[in-house]
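Read the structure below first, then the notes.
Each reported figure results from applying straightforward, stated rules to the coordinates on display, with no laboratory input. Nothing here was measured: the structure is a model prediction, and the numbers come from that model. Cβ sites come from the backbone with ideal geometry, for glycine too, and all protein chains shown count toward neighbours.
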Amino acid sequence: MPDLHHLLLFIAAGWLLNLTPGPDVVYIVTHALRSGVRAGIVAGFGITAGCFVHIIAAAVGVSALMAASTTAFTVLKWAGAAYLLWIGARMLLSRAPAATGPRAPTALQSTPADLKTVLVGGFWTNVLNPKVALFFLAFVPQFIAPGTAKTPLAFLLLGTLFNVNAIPVNIGWAMTAAWLAGRGKVQHAMHWLDRIAGAMFIAFGIKLALTDNPTR
């Protein structure tokens, strides 16, 4: 395990990385805007669960083998890209919310969400992204001292720390988005926010599809 200085650096770097917008952040924010803070937080926990799959796989060497295998990497890459494209297309094709009274509401009315579906969706958004596995393989080992006797255990502990530290960041994204959803202007923009999020998911999917195996 790293010393205190490197451990604090690891935590700070993890927070900065989790604050960077990506498919995970878009997924959390979109659900929080549409269905409230609970849906956003549940989306975050689904993403956290998906991260644990990559952490465990990387700790036991499965992710390294996948990165080294062109076939395995390509299959997972295309599955993840297809999933992101599907989410994006569904958002782009969603209908605008209808006003329920003589005047449009001044604040966003939350649309109830199936929290189990939100959780599972967040899980697969992460699991089917091989770039997450490659990130852990590239990032975590930098904080493991050379010659560490139990490298897999150290990797697992650091990966778990990174994942747990991401939870308050994800909750923060959900709370911020839910707070914005209570502002009047968001109601009128929600139709376009869905389309912007959909376009971003499609862009993430295309970017993932064009990613080359780093071992080539």
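Structure values in brief
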item: Nearest-0.05 FRET efficiency for LEU8 and ALA89, computed from C-beta distance (R0 45 Å); result: 0.60
item: Estimated inter-spin distance, THR160 and LYS116, nm [label 7 Å along Cα→Cβ]; result: 2.9
item: Dimensionless Rg/Rh of the stretch 9-50 - Kirkwood Rh, Rg from C-alpha atoms; result: 1.04
